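The values are calculated or read from the model by the stated rules, or taken from the named source; none is laboratory data. It should be emphasised that the depicted structure is a prediction, and the values quoted were computed from it without experimental measurement. Every residue, glycine among them, receives a Cβ derived from its backbone with ideal geometry; neighbour counts consider all protein chains shown. Please note that ligands, DNA and RNA were not included when accessible areas were found on the heavy atoms of the full protein model with its side chains. Shrake-Rupley method; radii C 1.70, N 1.55, O 1.52, S 1.80 Å.
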Amino acid sequence: MREAAFLRQNQARWQQYETQPPANPDELAARFVSLTDDLAYAQTFYPASPTTAYLNTLASKFHQSLYRNKPEERHRLARFWATEVPLVVARHQQALAWACGLFLLFTALGALSAAYDQDFLRVVLGDEYVNQTLANIRKGDPMAIYKSGPSSLMFLGIGANNLLVALRTFAMGLTLGIGTLHSLFVNGVMLGAFQYFFYHEHVLLPSLLTIWIHGTLEIPSIVLAGGAGFILGGGVLFPGTYSRRESLARAARDAVKLALGLTPVIVVAAFLESFVTRHTEMPVALSLTIIGGSAAFIIWYFGIYPHLVRRRAVLVEE
C-alpha cells in the first residue's frame with residue numbers, strides 16, 4: 001500500500017485517538033494495540049517516513065498512559081458496575097434509544113390489536129391464561145395467578161426464563177439486529193395485549209399496582225438487552241474507521257458488559273415476582289413505594305448516572 005493511501009485510511013482514527021480520551025482502560029488498551037499494529041506496518045514499508053516517527057511518538061504516549069493507569073484487580077467487580085457499565089450506556093445512547101422507541105411502538109401495536117380483535121388476546125396470551133384470569137376476576141382476585149406455586153420454584157423458573165430472554169435478545173444482535181428486533185416485537189406486543197386485557201376487564205389499576213412491582217425492573221431489562229443487541233449489530237453494520245472485525249470486537253465487548261450488568265436487575269425482578277407480587281392484598285402505599293423505588297433506580301443508574309461517570313472520565317483524562 002502506498003503511504004498516501006495508508007494515511008488516508010488511518011489518519012482520521014489517529015487524530016481521534018489524540019483528541020478524544022478513551023472511556024475506560026479496555027479502550028485504552030485496544031487503541032494501543034491498534035497503534036502498535038500500524039507502527040509495525042509503517043516501520044516495515046516506510047522506515048524513514050515522518051508517518052513512522054509520528055506513530056512511534058503516539059504509541060509511546062499510549063504506552064506510558066496504559067501502564068500508569070493499569071487497573072487493579074482488587075476492585076474489578078465494584079468498578080464494573082460503578083464505572084464500566086455506565087460508560088457503555090453513555091457511549092451507546094442512540095442504540096438504547098432505538099430499542100426503547102421500538103419497544104414502545106410494539107407495545108402500542110399490541111394494545112391496539114387486542115382492542116380491535118378479541119381473539120388476538122388468546123393468540124398472544126394463550127387460552128389457559130385468559131380463562132384462568134377471567135375466572136379470578138369473577139372471584140374478585142384478578143391477580144390470583146401470581147399466588148400459584150411455591151415461591152422458591154417460581155423464583156428459579158422465572159429467573160432462568162427472564163435471563164434466557166435477555167440473553168437471546170442480546171445475542172440475536174449478531175443477525176445484524178434482525179433477531180433482536182423480532183424479540184423486542186414479540187415482548188412489546190405481549191405487554192401491550194396483556195395490559196389491554198386488564199383494561200378491558202375494568203381491573204387495570206389493580207393490575208398496574210401488582211404487575212409493575214416486578215415489571216418496573218423486568219421490562220427495562222428486556223429493552224436494555226435489546227439495546228445491547230443493537231450495539232452488537234451496529235458493530236457489523238457501521239464499522240466507521242475500524243476494520244469490520246475490529247469494530248465487531250469492540251461492539252461485542254461493550255454489548256457483553258451491558259448484558260452482564262443487567263443480570264442482577266433481572267434476578268431482583270424475578271425475586272419480586274416470586275415472593276412479593278403474590279401478596280395482592282398489600283397496601284397501595286407499599287406497592288407504590290416498591291414501584292417508585294425500582295423506577296428511581298432505573299432512571300438513575302441507566303439514565304442520569306452514566307452521563308455523570310462519562311463527564312468525570314473526560315475530566316480525569318484532561
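Computed from the C-beta positions of Leu167 and Gln93, the FRET efficiency with R₀ = 25 Å rounds to 0.65.
Quick one: ranking His214, His182, His92 by accessible area, 1.4 Å probe, largest first, what do you get? Provide the component values of the computation, followed by the final result.
Details: His214 5, His182 115, His92 45 Å².
So, going from the largest accessible area down, we get His182, His92, His214.
Label-to-label distance for Ile299 and Arg312 is 2.1 nm, based on points extended 7 Å past Cα in the beta-carbon direction.
For the chain, the fraction of 1.4 Å probe accessible surface lying on carbon and sulfur atoms is 65 percent. Pairs of Cα atoms in the chain fall into 20 Å distance bins, from 0 up to the last occupied one, in shares of 27, 47, 20, 6, 0 percent. At the residue level, Phe45 shows approximately 120 square angstrom of accessible surface with a 1.4 angstrom probe and all protein chains present. Using the 1.4 Å probe convention, the accessible area of the stretch 140-208 works out to 50 Å² per residue with neighbouring protein chains retained.
Report the calculated FRET efficiency for Leu288 and Ala40 (r = Cβ-Cβ distance, R0 = 41 Å), to the nearest 0.05. Walk me through the numbers before you get to the answer.
On the way: r = 61 Å, r/R0 = 1.49.
Efficiency for this residue pair is about 0.10.
Please state the charge dipole magnitude for the stretch 80-237, taken about the Cα centre, from unit charges on C-beta atoms (+1 on K and R, -1 on D and E), reported in debye and rounded to the nearest 20. If you can, show how the numbers build up before the last one.
Values: 6 positive and 8 negative charges, 37 e Å.
Using Cβ point charges on Lys, Arg, Asp and Glu, the stretch 80-237 gives about 180 debye.
The dipole here belongs to the chain: it is taken about the Cα centre, uses +1 on the Cβ of Lys and Arg and -1 on the Cβ of Asp and Glu, and is about 740 debye. Taking a ≥ b ≥ c as the square roots of the Cα gyration tensor eigenvalues, the stretch 180-250 comes out prolate, since a/c reaches at least 1.5 and a/b is larger than b/c.
Between Val186 and Ser243, what length in nm is gained on full extension when 0.36 nm per residue of separation is reduced by their alpha carbon distance? Spell out each step's value before the answer.
Values: separation 57, 0.36 × 57 = 20.52 nm, distance 3.33 nm.
The span from Val186 to Ser243 would gain 17.2 nm if fully extended.
Classify the stretch 2-69: rounded, prolate or oblate, from the alpha-carbon gyration tensor (a ≥ b ≥ c, eigenvalue square roots; a/c under 1.5 rounded; otherwise prolate if a/b is larger than b/c)? Prolate is the answer for the stretch 2-69, as a/c is 1.5 or above and a/b outweighs b/c.
Heavy atoms only, probe 1.4 angstrom, no DNA, RNA or ligands counted: give me Val268, Val130 ranked by accessible area, highest first. Please report the intermediate quantities before stating the final value.
Values: Val268 75, Val130 5 Å².
Reading off the accessible areas and sorting them downward yields Val268, Val130.
Restricting attention to the chain, the count of lysine pairs at 8 or more positions apart or across chains with alpha carbons under 28 Å apart stands at 4.
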